[in-house]
1. Whole Å is fine, so just give me how far the alpha carbon centre of the range 205-269 lies from that of the range 74-120.
2. Over the chain, calculate the relative contact order: mean separation of alpha carbon pairs under 8 Å at least 6 apart, over the residue count, as a percent.
3. Shape call for the range 1-112 from the C-alpha gyration tensor, a ≥ b ≥ c root eigenvalues: rounded (a/c under 1.5), prolate (a/b greater than b/c) or oblate?
4. Considering only the range 1-140, what is the antiparallel percent among its DSSP beta bridges, to the nearest 5?
5. Please find the FRET efficiency linking residue 251 to residue 35, where r is the Cβ-Cβ separation and R0 is fixed at 45 Å, and quote it to the nearest 0.05.
6. Starting from 0.36 nm per residue, how many nanometres of slack lie between residue 232 and residue 86 once their C-alpha separation is accounted for?
7. Nearest 500 deg cm²/dmol is fine: what mean residue ellipticity at 222 nm does the chain get from its DSSP H runs of n ≥ 4 alone, each adding -39,500 (n - 2.57), divided by its residue count?
8. With a 10 Å radius around each residue's Cβ, average the other Cβ atoms per peptide and rank 186-196, 125-135, highest first.
């Protein structure tokens, strides 16, 4: 029986994703830094606050975040653990509707406004079309999420970012999947006067062929595609019913299982 493990695209075992909230004008500088270094981010926006002070104007959002992910943050950013179900439904669905009209694609990711969530809210989100939601509490490590609606990042950018990056880049044991997930607010760099921190981080962590640079939803979709693979009972072959390619390590050899394809595991590689 072959030994089969999930790999990131291209057979990689490391991935980096970034997550930034509120859609403030400092996102323009942050997106430029990401783009110059080949890094992808997810940007969580309040669809009801585009006219608020220091926010990216609605007319500029689609072009600015092209190549990144636009995700939800609720319509008006309430502390939703204190809200009734009806208000939560309104806040999430109206935010999605407004963002989708701008983005031109389905918005399926979210972060919790003010870090506010509970089991009740988590149980509601799948029926509201939300595939994942990021929390504030960080792990300090590079583990994959085991609860997509309580997705813990590695760290806020204020918390030992370069030390974390150096550790992440040095990781080499291919028997593990490593995910570095950084979150924050772009305006914090203005407040703290330390844009050089993000410049240094992206120059150091970006442009590395061994790292998969992905948005939050790309990671969620990819792992869920792996979970939908249909393996034979003997693990002799696998069928991929999804629209995404999935890469597997099969007895140490990298194998791509393309969309709609059945692949022999005994002849993989």
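Since every read-out is calculated from the coordinates, none of them should be taken as a lab result. This one's a predicted model, so the numbers in the text were calculated from it and none came from an experiment. Here the Cβ positions follow ideal geometry from the backbone for every residue, glycine too, while neighbour counts run over all protein chains shown.
1. If you average the Cα positions of each part, the centres end up 31 Å apart.
2. With pairs under 8 Å counted, the relative contact order is 27 percent.
3. oblate
4. The antiparallel fraction comes to roughly 15 percent.
5. The value I calculate is 0.70.
6. Between residue 232 and residue 86, full extension yields 48.1 nm more.
7. -9000 deg cm²/dmol
8. 125-135, 186-196
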